[in-house]
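Undergrad: One structure coming up, written as structure tokens, with questions to follow.
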Amino acid sequence: MPQRMFRSYQGLLLFGLCIFFVLKAVNGQLTWYINSRFVPLTIIGILFLALLAQTLFSEIRRSRQHELEHPEHHHEHDHAPSSVTLWVMLIPLAIGLLIPARPLDSSAFSTKGFNTSAPLVSSDSSASIFETESQERNILQWLKLFNYQDDITEFIGQEASVVGFVYFDEDTLEADQFFVSRFVVSCCSADGFAIAMPVRWSNASELQQDSWVVVKGSIASIELDGQRTPMITAESVEAVNIPDQPYLYP
């Protein structure tokens, strides 16, 4: 492959990757892949890709200009490195374009499993959780409270309002129960692990697996795998859109 053609493909692929990440940033889907605190670094990476693409295109323009000014120096036999490097650049772009973007859901439970406690996060049950209004606590915060407090009676009966996706586990829960779940992500979706709170609701059978809901009700407790876990006795379960940030962060 001629050198100029190789550089042109390199520039186009870099520019394509740049546009791909820009679109993900604009439509808010970057946080489906990475922890939100890494978004600024990703933006810097996007700018770096754009700079590399611009540098390659400038090099091609200078090469063409040089040929026009010095045609005697042009060598048709100049060749670029192996085109394998182009395929390496193309693969991640193709995967990103061909596979629809979506946050982790229950399909990942078969490989990652899920927790009804918070054993994989910091054991520091900070005072901020206790100071947070009960209806503002998310699933992770409720699990932390139950996991790290010896006396959970003070939480029983408190009002709760949590958002998550529906997961049914017939081997663990009864017919009128389901799990409301979220993934916790430290760095990126690859290290994400699922947490879940059981919910008791008379119309649980009407829900769809992986549908996103907001569950409102009062806190009770249930024993799962020998450990007390918070359970919501639901007063209402309403469908909601996927949150802008579908993951929770430890």
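Undergrad: Lys24: which aspartates and glutamates have alpha carbons under 16 Å from its alpha carbon, excluding same-chain residues fewer than 8 sequence positions away?
TA: Partners within reach: Asp244.
Undergrad: Along the positive direction of the dipole of the range 197-250 (beta-carbon charges: Lys, Arg +1; Asp, Glu -1; about the Cα centre), which of Val214, Pro198, Ala239 reaches farthest?
TA: Pro198
Undergrad: Also, quick follow-up: With springs only between Cα atoms under 10 Å apart, run a GNM on the chain and tell me which of Thr116, Thr85, Thr42 wobbles the most.
TA: Of the options given, Thr85 has the highest mean-square fluctuation.
Undergrad: Pop out the ³J(HN,Hα) list for the range 214-230 in order, Karplus 6.51 cos²θ - 1.76 cosθ + 1.60 with θ = phi - 60°, rounded to Hz; leave Gly and Pro as x.
TA: Per residue, the Karplus-derived 3J(HN,Hα) values read 10, 9, 10, x, 10, 7, 10, 9, 9, 9, 10, 6, x, 10, 6, 10, x Hz.
Undergrad: For the range 106-248, what class follows from the C-alpha gyration tensor (a ≥ b ≥ c being the square roots of its eigenvalues): rounded when a/c is under 1.5, otherwise prolate if a/b is larger than b/c, else oblate?
TA: On the way: a/c = 1.34, a/b = 1.08, b/c = 1.24.
Cα axes put the range 106-248 in the rounded bin.
Undergrad: Pulled fully out, how much extra length does the chain show between Phe48 and Arg62, if you take 0.36 nm times their separation in residues and subtract their Cα-Cα distance?
TA: Numbers: separation 14, 0.36 × 14 = 5.04 nm, distance 2.10 nm.
Difference between extended and current length: 2.9 nm.
Undergrad: Once Rh for the range 141-212 is found with the Kirkwood sum over Cα pairs, what is the Stokes-Einstein diffusion coefficient at 10 °C and 1.306 mPa s, in µm²/s?
TA: It diffuses with D of about 115 µm²/s by this estimate.
Undergrad: For Lys216, list the lysines whose Cα falls under 22 Å from its own Cα; do not include residues on the same chain fewer than 8 positions away.
TA: Result set, ordered by chain and number: Lys144.
Undergrad: Any chance you could get the radius of gyration and Dmax over the Cα atoms of the chain, in Å?
TA: Cα radius of gyration and Dmax of the chain are 25.6, 88 Å respectively.
Undergrad: Efficiency by 1/(1 + (r/R0)^6): what FRET value for Ser128 and Ile19, r their Cβ-Cβ distance, R0 = 51 Å, to the nearest 0.05? Numbers along the way, then the final one.
TA: Working: r = 40 Å, r/R0 = 0.78.
Once the sixth-power term is evaluated, E becomes 0.80.
Undergrad: Quick one, could you list the DSSP H helices from the chain stretching 30 Å or more along their long axis (Cα atoms) with average Kyte-Doolittle hydropathy of 1.0 or above? Can you show the working numbers first?
TA: Values: long enough: 3-26 (34 Å, 1.10); 39-69 (45 Å, 0.61).
Span-like helices, by this rule, are 3-26.
Undergrad: So if R0 is 22 Å, what FRET efficiency would Ser211 and Gln135 give, r being the distance between their Cβ atoms, rounded to the nearest 0.05? It would help to have the intermediate numbers written out before the result.
TA: Working: r = 22 Å, r/R0 = 0.98.
For R0 = 22 Å, the calculated efficiency reads 0.55.
Here, each number is a calculation from the coordinates, and none is a lab measurement. Owing to the predicted nature of the structure, the values given are computational and were not obtained by experimental measurement. Glycine gets a Cβ as well: all are built from the backbone with ideal geometry, and neighbour counts include every protein chain shown.
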